[in-house]
1. Regarding residue 219, is this residue in contact with a strand residue (DSSP E or B) (Cβ under 6 Å, 6 or more places away or on another chain) and either under 24 Å from residue 129 (Cα atoms) or not assigned by TED's automatic domain parsing to the domain that holds residue 123 (or both)?
2. How many residues, within segment 80-116, are surrounded by 16 or more Cβ atoms within 10 Å (Cβ to Cβ) and not in a helix (DSSP H, G or I)?
3. Name the single residue, out of those in segment 134-151 being in contact with a helix residue (DSSP H, G or I) (Cβ under 8 Å, 6 or more places away or on another chain) and modelled with pLDDT of 90 or more, that is nearest to residue 56 (Cα to Cα).
4. Filter segment 56-79 down to the residues that are part of a loop (DSSP other than H, G, I, E, B) and under 12 Å from residue 40 (Cα atoms), then identify the one that is nearest to the chain's Cα centre (by Cα).
5. From 233, 227, 207, grab the single residue that is surrounded by 12 or more Cβ atoms within 10 Å (Cβ to Cβ) and at pLDDT 95 or above.
6. Looking at segment 128-151 only, could you name the residues that are crowded, with 17+ Cβ neighbours inside 10 Å and within 20 Å of residue 213 (Cβ to Cβ)?
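The values are calculated or read from the model by the stated rules, or taken from the named source; none is laboratory data. These numbers come from a predicted model, not from an experiment. Positions of Cβ are generated from backbone atoms using ideal geometry, with glycine treated the same way; all protein chains shown enter the neighbour counts.
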């Protein structure tokens with residue numbers, strides 16, 4: 001009678017120990033989910049991650065959309081080769097309940113502007129602005145067994161450019177073409193007004209302007225000679241901060257008909273001064289005729305208020 005009872009007690013003790021052990025087992029690993037992301041080996045982007053859909057970048061994935069979108073945002077911040085392990089660590093910190101598998105092991109991410117600058121040997125003052133890929137995507141991709149080449153006519157000069165992109169399979173020789181549109185500008189120092197300016201007949205003052213830097217395709221259109229600024233007035237209203245162009249200016253008369261002016265006569269190192277009377281009004285750099293006190297007609301160039309130079 002005691003033996004069966006003893007066996008029953010032993011069985012109860014074993015079952016209880018098994019239940020206790022099961023309670024103490026760490027089951028967190030069973031709650032960790034796994035998912036994968038596959039992207040191309042090479043990615044060229046225009047530095048606009050918000051305009052890239054995750055399915056443009058990711059070729060295959062079973063990850064939730066929140067992970068795919070976060071991956072897209074992170075990867076498009078790079079401009080170099082990125083190891084998959086490095087990206088996994090980033091996601092492990094933010095999405096601890098997911099174990100992410102990424103292929104390939106190394107992803108080569110390139111800012112498209114940087115690559116084009118290097119390929120076209122652009123000078124430091126040149127910039128690539130308003131870049132767009134004409135297939136409406138914001139990225140270009142290719143595989144390890146493919147090469148990429150960018151071709152452009154006159155891309156060392158400013159202006160709007162169409163850039164041909166050729167992606168060629170190294171093994172089979174077949175190729176595909178993408179087109180990029182970009183504007184190449186040059187950094188330029190310009191004069192901008194401190195405050196709004198209305199049209200008046202008053203000459204301009206250097207105190208009304210300051211120098212700023214902008215990127216433009218036509219640097220030659222901007223007026224920057226602060227010394228001759230008082231020789232002009234504006235011909236249109238100028239909102240605050242407007243870069244000053246030659247087309248905004250109208251020259252004023254620096255000498256007036258019948259009003260005697262100073263004449264500087266230069267012949268090599270010899271400089272003489274005299275006075276004469278203009279036979280017409282003149283603006284900066286105008287060639288005008290003057291009558292001297294000896295009733296002789298001479299020709300000189302207007303260089304300042306009531307001042308003409310005559311070079312022999």
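1. Here the answer is yes, as residue 219 does meet what is asked.
2. The total comes to 10.
3. So the first thing to find is which residues in segment 134-151 are in contact with a helix residue (DSSP H, G or I) (Cβ under 8 Å, 6 or more places away or on another chain), and the list is 137-141, 150.
Subset that is modelled with pLDDT of 90 or more: 139-141, 150.
Values: 139: 8, 140: 9, 141: 9, 150: 21 Å.
Among those that are in contact with a helix residue (DSSP H, G or I) (Cβ under 8 Å, 6 or more places away or on another chain) and modelled with pLDDT of 90 or more, it is 139.
4. Within segment 56-79, the first condition is being part of a loop (DSSP other than H, G, I, E, B), and the residues that meet it are 58-59, 62-64, 76-79.
The next check asks that each one be under 12 Å from residue 40 (Cα atoms); those that pass are 58-59.
On the way: 58: 26, 59: 29 Å.
Among those that are part of a loop (DSSP other than H, G, I, E, B) and under 12 Å from residue 40 (Cα atoms), it is 58.
5. 233
6. Passing the criteria: only 128.
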